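The values are calculated or read from the model by the stated rules, or taken from the named source; none is laboratory data. Keep in mind it's a predicted model, so treat the numbers as computed, not measured. Here the Cβ is made from the backbone with ideal geometry for all residues, glycine too, and neighbour counts use every protein chain on show. Calculation scope for accessible area: heavy atoms of the full protein, side chains included, ligands and nucleic acids excluded. Shrake-Rupley method; radii C 1.70, N 1.55, O 1.52, S 1.80 Å.
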Amino acid sequence: MALSLEALAVLDAIDRRGSFAAAARELDRVPSALTYMVRKLEGDLDVLIFDRRGHRAKLTPAGVELLHEGRHLLRAADELLRRVQRVASGWEVELRLAIDGILCFGGVCELLERFYAASPGTRIRLSSEVLSGTWDALVSQRADLAIGAISATPAGADSASGFLVRPLGTIEMVFAVAPRHPLAAAPEPLAPETIRSHRAIAVADTSRNLPRTTVGLLRGQDVLTVASLQDKISAQLMGLGCGYLPLGLISEAIEAGRLVPRLTTEPRQETSLHYAWSQSARGKALAWFLAELERPAVRRTLLSARRA
């Protein structure tokens, strides 16, 4: 008799219940059937699994190891069964979301909290993207849903053919510096010539295949490139450079005097964001997120909630 999931389930029940009789009642079997199965397994493996001396069925060291590893197999088999059932019911096994770093992650977590309460087990995989990287994740099929794309079409493409795109909303951008930065005391409005002489902080575009994008940089300006928007905020808080930041993510720093907003000669900066997905995509998890993103309250939370 080969090692089977049924045999492992029997060993698990005997260990948890403490006796062959109690395990048989749980499994709705007769005790003799369990005794035969265990003895047959011991004979096939040529090991003693249970020490039958005493009133309680006790695993031998070999039995402990067999059951320890066997429980991993039982859980994996149970998860596989649930996945198959989810797929059959229309729920994806996994949904991949590309989230632009300009969005408030606290708002993303609130969205996920509601999803987990409603979903029968679909796994979520998040990737944090910047600028063209959000579209790139979708176009290269690294994501099923892109949230926070800065344009309605992929960079370098004439259209978003094959994808459905909806507006998410706009984020107000504010030019800000640390109180000790030279631009904090410069006369307003700040002209490009004045800004150009100071280092800018920029976030690296995460695109792998699509043309990369830069935003808010002046020709000839020194640039410190960082990996994330949070890193950019931290660098500007330390006075390492200047640049535009989402108002919703730095409003507390402004109120506390840790960042100083400055007027520039450029028109008021707003970034329009979108969410997009493949026209061929189907599934209840994707449909759930799309329905949520249609709600104004959800979009406001993603666009303007403060970061903790």
Any chance Arg212 is basic (Lys, Arg), farther than 25 Å from Arg299 by Cβ, within 23 Å of the chain's Cα centre (by Cα) and open to solvent by 60 Å² or more (accessible area, probe 1.4 Å): yes
Selected residue [in a helix (DSSP H, G or I) and surrounded by 15 or more Cβ atoms within 10 Å (Cβ to Cβ)] from Leu80, Leu97, Leu41: Leu41
Hey, Arg56 of a type outside the set (S, T, N, Q), more than 30 Å from Gly133 (Cβ to Cβ), touching a residue at least 24 places away in the same chain (Cβ under 8 Å) and open to solvent by 20 Å² or more (accessible area, probe 1.4 Å) or not: yes
Residue within region 218-240 that is assigned to a strand (DSSP E or B) and touching a residue at least 60 places away in the same chain (Cβ under 8 Å) present: no
Matching residues, region 44-53, being acidic (Asp, Glu) and surrounded by 12 or more Cβ atoms within 10 Å (Cβ to Cβ): Asp44, Asp51
Residue satisfying all of: in region 124-156; under 12 Å from Ser207 (Cβ atoms) and acidic (Asp, Glu); surrounded by the most Cβ atoms within 10 Å (Cβ to Cβ) among these: Glu129
Among (1) open to solvent by less than 30 Å² (accessible area, probe 1.4 Å); (2) in a helix (DSSP H, G or I); (3) over 26 Å from Ala137 (Cβ atoms) - the single one Glu252 does not satisfy: (1)
So Thr206, is it in a loop (DSSP other than H, G, I, E, B), of a type in the set (Ser, Thr, Tyr), surrounded by 15 or more Cβ atoms within 10 Å (Cβ to Cβ) and out of contact with any Pro (no Cβ under 9 Å at 6 or more places or on another chain): yes
Every pair of residues 6+ apart whose Cβ atoms lie under 8 Å, when the first sits in region 274-299 and is without any contact (Cβ under 8 Å) to a residue 60 or more places away in the chain and closer than 20 Å to Ala137 by Cβ while the second is of a type in the set (Phe, Trp, Tyr) and outside any loop (DSSP other than H, G, I, E, B): none
Single condition Gln236 does not satisfy, out of (1) more than 22 Å from the chain's Cα centre (by Cα); (2) open to solvent by 30 Å² or more (accessible area, probe 1.4 Å): (2)
Those residues of region 264-276 which are over 16 Å from Asp100 (Cβ atoms), surrounded by 12 or more Cβ atoms within 10 Å (Cβ to Cβ) and not polar (S, T, N, Q), in sequence order: Glu266
Number of positions in region 130-145 that are in a strand (DSSP E or B) and either at pLDDT below 95 or over 18 Å from Cys109 (Cβ atoms) (or both): 0
Residues located in region 102-115, provided they are open to solvent by less than 20 Å² (accessible area, probe 1.4 Å) and in a loop (DSSP other than H, G, I, E, B): Leu103, Cys104
